[in-house]
Amino acid sequence: MTELIFAVFGSFIAIIGFAVLVETPRKYVLQAGIAGACGGGVYFFSSQCGLDVVTASFLSALAISLLAHVFARSFKAPVTVFLIAGILPTVPGAGMYRTVYYIIADDRTHAAYYLVQTLEIAGVIALAIFIMDALFRLRPRKEISRPGVSGR
């Protein structure tokens, strides 16, 4: 349980720092941190349940994308404001590092393994963002009725 709390809190702090670094508007930094923390929590929980790295990354990216869309509609901001910073814990940076490391070490077997895994993770992140975006586009937005304004 303490590992889950540590993973969620660590993701939250990392996303807050990254959001400030990429100049996310100050009023949305907390929400971006929440999206990243939830994604980090989903990833950790999925991994602890025995799911592989690619599936855990997919579920994490789905959760982050869902929260980004919900926050975007709630705070009337673009989805990317929350998504760019929030998706950071899911990005396969260690896999990219290991790929290059094993290429330099001339270990083709490990390099190929980590390259394929990195590409799979990047692909499922893109797929999760696409799926959630498509689902939110299918759902019509509610019309805001304003008293005294005609429907023209």
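Please treat every number below as a calculation from the coordinates, not as lab data. Quick caveat: nothing in here was measured; it's all calculated off a predicted structure. In this analysis, Cβ positions are derived from the backbone assuming ideal geometry, glycine residues included, and neighbour counts consider all displayed protein chains.
Taken about its Cα centre, the chain carries a charge dipole of roughly 1060 debye when the Cβ of each Lys and Arg holds +1 and the Cβ of each Asp and Glu holds -1. Each Cα pair under 8 Å and six or more residues apart adds its separation to the average, and for the chain the resulting relative contact order is 23 percent.
When you count the other C-beta atoms within 10 angstrom of each residue and take the mean per peptide, 84-96, 56-68 line up highest first as 56-68, 84-96. Neighbour counts of other Cβ atoms within 10 Å put Asp106, Asp52 in the fewest-to-most order Asp106, Asp52. For the pair Arg139 and Thr2, the difference between a 0.36 nm per residue extended length and the Cα-Cα distance amounts to 45.5 nm.
Given the alternatives (1) 53, 35, 30; (2) 72, 31, 31; (3) 43, 37, 22, Cα extents along the principal axes in Å as computed for this entry is given by (2).
Of the complete DSSP H runs in the chain, those spanning 20 angstrom or more by Cα along the long axis with a mean Kyte-Doolittle score not below 0.0 are 2-21, 29-48, 53-75, 108-138.
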